[in-house]
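Please read the structure below before turning to the comments.
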C-alpha cells in the first residue's frame, strides 16, 4: 500500500515540476460507462466472491501540461459482493454516486496511466439470502455506511477522435460496516466518448 501512495505522490510531483505546454484542445468533457466486477475485502485478509454490475457518468479532462491532465468525474456505480458457503448465498447489492479525481499521464500520445482519490455516497442497498429452499430464503437489511472513499489506479488508450478505452481498480479505504473492516474492491472496464 505504501508503494501505491508513493507512486501517486510521485506522479503529482512530476506534474508540478514539468513545464506546462498547451495542447490543441486543452479541456474537454464527455460521457463514460462500463462494466464493474466488485467484491469486499474483510480485515485485509479475505475477499468475498465477485458481483457483476455497471457504472455510467460524465467526466471532464483538463490538461495542465503537455503530457498531464486532471480528470474529475461523477459516476453512478453498482457495487457489492457475494458470500457463498454451505448454508447458501448471501448477496448485498450497493449503489453509489462516486466522485473520482484522476491524475492522468500520457507517456505516449494515445496511452495513459491514471491514479487518484475517490469519494462515494451510498444511495441504495439490497440484501438477499438464498438457502436453496424457498421456505428458508430470507431478506435482511444491513445498513452500510453512507460515505466511502478510496484510491483508483488504472490505464487506457485514447484515440484522436476522443474515444477512450480503459481499465481501473478501486481500492476502498473506509469500512462499509463497523465490524470486520469490510472495504470495497472494484475492477472497472470502461468506454469514454468526448463531446
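Miscellaneous remarks
- Burial ordering of 54, 129, fewest other beta-carbon atoms within 10 Å first: 54, 129
- Neighbour-count ranking [beta-carbon atoms within 10 angstrom, fewest first] of 185, 168: 185, 168
- The mean sequence distance of close C-alpha pairs (under 8 Å, at least 6 residues apart), as a share of the length of the range 63-195, puts its relative contact order at 18 percent.
- Additional length obtainable on full extension of the chain from residue 76 to residue 179, 0.36 nm per residue less Cα span: 34.5 nm
- Counting neighbouring beta carbons within 10 Å and listing from fewest to most, the residues 126, 181, 104 come out as 126, 181, 104.
- Sorted largest first, extent of the range 31-106 alpha carbons per principal axis (Å): 56, 25, 15
Bear in mind these aren't lab numbers, they're just calculated from the coordinates by the rules spelled out. Note that the structure is predicted; figures quoted are calculated from it, not measured. Positions of Cβ are backbone-derived with ideal geometry, glycine not excepted, and every protein chain shown enters the neighbour counts.
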